[in-house]
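Q: After the structure tokens below, expect a handful of questions from me.
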Amino acid sequence: MNDHTMPQPSEVEKRDGISKIVAIAGIITIVVIFVFFPFVWGNFVNPTSEIYESVPLKELGVITFANKACNTCHTIDGRATIGPSVKDLFGSEGKMADGTTLMVDENYLRQSILEPMAHIVDGYQPVMPIYQGLINTREMDAIIAYIKSLSSK
């Protein structure tokens, strides 16, 4: 090696560099998802704005479903993930972990959102966060209207 040749990085150094880039990209993604998007949506449908009151419930439900991160665990296409899908959920009967069967109606949805540990759906872990105090009446009505719109019943 002469004096003008730069030493080449080893494979370990290359992997460490790539790992750092991936970690930084991950942090940026998390900030965008959990800080930027809620900020933008929150300003668009601020509960104190006139726009908020004029948005039809179903459309507000679509926005609230995303804004409150419901779509993180509940799909709208029938696929079960962390939580049950909301497609065709309204009007169905759900089997609970304790063996009981409950009709999925407005009261069930309301209680499941505010007190998710009250009834655990069979086959799922009790991991849903409590939304008591984090969701107002109009947002609750909107989410329920949206879920109803996804049902064929």
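Q: Rounded, prolate or oblate: pick one for the stretch 108-153, where a ≥ b ≥ c are the square roots of the eigenvalues of its C-alpha gyration tensor, a/c under 1.5 means rounded, and failing that, prolate if a/b is larger than b/c, else oblate.
A: oblate
Q: Could I ask something else about it? Length gain on complete extension for the stretch I24 to A97, per 0.36 nm per residue less the alpha carbon to alpha carbon distance?
A: Using 0.36 nm per residue and subtracting the Cα-Cα distance, I get 22.2 nm.
Q: Check the straight Cα-Cα distances from K68 and name the lysines below 28 Å, setting aside those fewer than 8 residues away within the same chain.
A: K58, K87, K95, K148, K153
Q: Would you please give the FRET efficiency between A80 and T137, computed as 1/(1 + (r/R0)^6) with r the Cβ-Cβ distance and R0 = 30 Å, to the nearest 0.05?
A: For A80 and T137, the calculated efficiency is 0.55.
Q: Would you grab the residues whose amide H sits under 5 Å from the one on V121? Only those 5+ places off in sequence or on another chain, please, with H modelled 1.01 Å from N.
A: A97
Q: Expected output is a single nm value to one decimal: the length gained when fully extending between S10 and T72, i.e. 0.36 nm times separation in residues minus the C-alpha distance. What is it?
A: Result for the pair: 18.3 nm of gain on full extension.
Quick note: the coordinates plus some simple rules give every number you see, no bench work behind them. Nothing here was measured: the structure is a model prediction, and the numbers come from that model. Cβ atoms come from the backbone with ideal geometry, glycine included; neighbour counts cover every protein chain shown.
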